[in-house]
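The values are calculated or read from the model by the stated rules, or taken from the named source; none is laboratory data. Note that the structure is predicted; figures quoted are calculated from it, not measured. Positions of Cβ are generated from backbone atoms using ideal geometry, with glycine treated the same way; all protein chains shown enter the neighbour counts. Each accessible area value is taken on the protein alone, full model and side chains, heavy atoms only, with ligands, DNA and RNA left out. Shrake-Rupley method; radii C 1.70, N 1.55, O 1.52, S 1.80 Å.
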Amino acid sequence: MAQAFLATHGIDLDAELAKMQSPDANPQSSPNLPATATQSSTGLPIHPTTLPTSIRNVSLPSRPGTHDVTLNPNTGKITYIGAHDPEIALLNLANQEYGNAALLAPSLCHPHIHIDKAYLLSHPSHSKHQITEGTFSEALHITNLAKAAFTTQDLLERGQRVVDESVAAGVTHMRAFVEVDAIVGFKCLEAGLELKRLAEREGKMRVQICAFAQLPLFSDSQTNSWSEEAKFHDSEAEKIRSLMREAAANPEVEVLGSTPYVEADDERAKRNVEWIVDLSVEFDKHLDLHLDYNLNSSSEPLIHHVVATLHAAHWTEKTTDKTIVIGHATRLTLFSAQEWTDLKIAIGDLPLHFVGLPTSDLYMLRTPERTRGTLDVISMIREHGLNACLGVNNVGNAFTPQGTCDPLSLASAGVGIYSAGTMKDAEVLYGGVSTRAKAAIGFGSIAGNPIGEDGSKEGEIRVGDPADVLLFGSEKQNWRTRKSVAEAVYFYDCCRGRRGFLGGKATS
Ligand SMILES: [Zn+2]
């Protein structure tokens, strides 16, 4: 009787008991692992078989009423969704969580965060460098001073703060940039990989490390104004290319990234793009490009060369489900409707995504240089049919002193930034820090969830989806509890009472 009843709730009692008795039944619980990874090399845990978790009495996106949802940590999937049924509370054969009608939504994601430069303004090793002018050039100067003094210990401490505060916010997936150059060598990369292994071993978060060339690959500091401030550590372009190639061969590095905008001229910027595209194809890695970071209408947007280079390299045929993310591309805010249409056509079937970085862009917009805008991700998605999401970029440093590690704060701020106040807007904004952000960095298909080609709605939770979800906190007075995605976006909750689940297991 109990067995049949549990089966309707996605719980196979026989299978669970058999697994509990079998020492061999140790499936990985974290989904979407790189094909090359093994349990030991990624530091992923060997979980003892765990009972499913039944999250009771929750509100779900786009569904009326309250529901019970079963997460299976052995498969990492959602195995059951049904109308809330108080009767199952009498049985004790699943771990039970109680939502009290609070929202259960897809978990959050950082698609773009510079983990090695986080919290420089507050860590004792670097806090002597504070912002006194608030200019872009000062931010570059302060950050380069700090970077020259990075130690493994302070990288680990600052990075761990990013992980801890992100987990508390309900982030389950993150793309973290770690810089690779002649001065830091692999110091940032090694610290990033250590943080990744620990976070994944503890089941807190899936961390995707991007080996990132922030400095030029084809210009030296004598010809380059971007690195003029840091002449004491010459970019040594050739050395960086050599280090990046070595990083690309590391199976734990899942993404390669570069910064064409720091090159001395357009010709070198194009070479930067071509080189990093070729390297990504050769090693079958995701690609992340930081480019077109200006508001100069007379400058040629590099995005066109990126798209042409990706097609010429036969990206979709030669890589296995690897995505391309474009960040910092403020130049595109000057595009006309026709230019967006032309770009959408040129992109074609490339898995190319844009990430808006509004908190960083708006801070720099107000600096005396006034050279930044911010991508309107809502209209890019709605009007131009592009893939776009939102990222924190920096936190607690001279490029972005304000903000938190909570991506939902970006979605909430986006209501004002993009004048996007409808409930549908709020759902797109939530997707921008959740499902759309995950799709951008290669976790799950955007066609499989937010777009709705199969009839599903933005951010809907379905049986068979990865059990990566976020349960919002409940309040004593029921009407104060956030029960819809719109309420979660409108009424920022400062992370109170949130609980994240990764692959069906609680992350905190
Ligand atoms: Zn960035």
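Within segment 302-328, being within 16 Å of the ligand (Cβ to nearest atom) and either in contact (Cβ under 8 Å) with a residue 60 or more places away in the chain or farther than 18 Å from E274 by Cβ (or both) holds for V325, G327, H328. Highlighted here are the helices (runs of 4 or more DSSP H) found entirely within segment 329-420 that include at least 1 residues which are within 16 Å of the ligand (Cβ to nearest atom) and open to solvent by less than 30 Å² (accessible area, probe 1.4 Å): 358-365, 377-382, 407-417. Scan segment 246-294 for residues that are of a type in the set (V, I, T) and either closer than 19 Å to C188 by Cα or within 13 Å of the ligand (Cβ to nearest atom) (or both) and jot them down. Of everything in segment 246-294, those that are of a type in the set (V, I, T) and either closer than 19 Å to C188 by Cα or within 13 Å of the ligand (Cβ to nearest atom) (or both) turn out to be V253, V255, T259, V262. Scanning segment 168-213 for residues that are more than 24 Å from T435 (Cα to Cα), within 16 Å of the ligand (Cβ to nearest atom) and touching a Leu at 6+ places or on another chain (Cβ under 7 Å) turns up V180, D181, C188.
For segment 224-263, a residue qualifies if it is crowded, with 16+ Cβ neighbours inside 10 Å, modelled with pLDDT under 60 and not acidic (D, E), and the qualifying residues are N224, W226, S227, A230, H233, S235. The set of residues in segment 272-310 being hydroxyl-bearing (S, T, Y), more than 20 Å from I345 (Cα to Cα) and open to solvent by 10 Å² or more (accessible area, probe 1.4 Å) consists of Y293, S297, S298, S299. Of all the residues in segment 124-154, those that are surrounded by fewer than 18 Cβ atoms within 10 Å (Cβ to Cβ) and assigned to a loop (DSSP other than H, G, I, E, B) number 12. Among the conditions (1) in a helix (DSSP H, G or I); (2) crowded, with 23+ Cβ neighbours inside 10 Å, the only one that I326 does not satisfy is (1). Test S508 against the stated conditions and say whether it is touching a strand residue (DSSP E or B) at 6+ places or on another chain (Cβ under 9 Å), open to solvent by 10 Å² or more (accessible area, probe 1.4 Å) and hydroxyl-bearing (S, T, Y). Against the criterion (touching a strand residue (DSSP E or B) at 6+ places or on another chain (Cβ under 9 Å), open to solvent by 10 Å² or more (accessible area, probe 1.4 Å) and hydroxyl-bearing (S, T, Y)), S508 qualifies. If the condition is being surrounded by fewer than 20 Cβ atoms within 10 Å (Cβ to Cβ) and either within 20 Å of P64 (Cα to Cα) or of a type in the set (F, W, Y) (or both), then segment 485-505 contributes E487, Y490, F491, Y492. Residue pairs whose Cβ atoms lie under 6 Å apart, sitting 6 or more positions apart in sequence or on different chains, and linking a residue in segment 111-128 that is within 16 Å of the ligand (Cβ to nearest atom) to a partner that is open to solvent by 10 Å² or more (accessible area, probe 1.4 Å) and part of a strand (DSSP E or B), do not occur here.
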